Amino acid sequence: MGLDIIRTLQEHHGVKAPIWLDNRESIIDLPEIDTQVISLIVSEKDSELRIETAKKWRGLSCANLLFHLCLLVFFYYFSLFCLTL
């Protein structure tokens, strides 16, 4: 339900921002959404932090991924600022 609201607001405002899903393991049915989804999943078999990326992001350095994430956050807040003008 929350993702449907986020999708509707993004379509209404014309803004695409990444969505962070905590406790992703408890979400059974993930609706189709046209934006980046960052899933935080707890698994008993993993005793250390593990990061998996989509194939198109593999091979990029951690600094490069962080740069792209910062750009996304910047443009998200910039677009929100522009909407308030």
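Might you check whether a residue that is aliphatic (A, V, I, L, M) and in a helix (DSSP H, G or I) occurs anywhere in segment 35-45? The answer is no, given that none of the residues of segment 35-45 is aliphatic (A, V, I, L, M) and in a helix (DSSP H, G or I). Whether any residue in segment 3-11 is more than 25 Å from residue 74 (Cα to Cα) and either polar (S, T, N, Q) or modelled with pLDDT under 80 (or both) is what I want to check. The answer is no; no qualifying residue exists. Could you please give the count of residues in segment 1-42 that are more than 23 Å from residue 70 (Cβ to Cβ) and touching an Asp or Glu at 6+ places or on another chain (Cβ under 7 Å)? The number of residues fulfilling the criteria is 3.
The values are calculated or read from the model by the stated rules, or taken from the named source; none is laboratory data. Just so we're clear, the structure is a prediction, and the values are computed from it rather than from any experiment. Here Cβ is always computed from backbone atoms with ideal geometry, including for glycine, and neighbour counts include all displayed protein chains.
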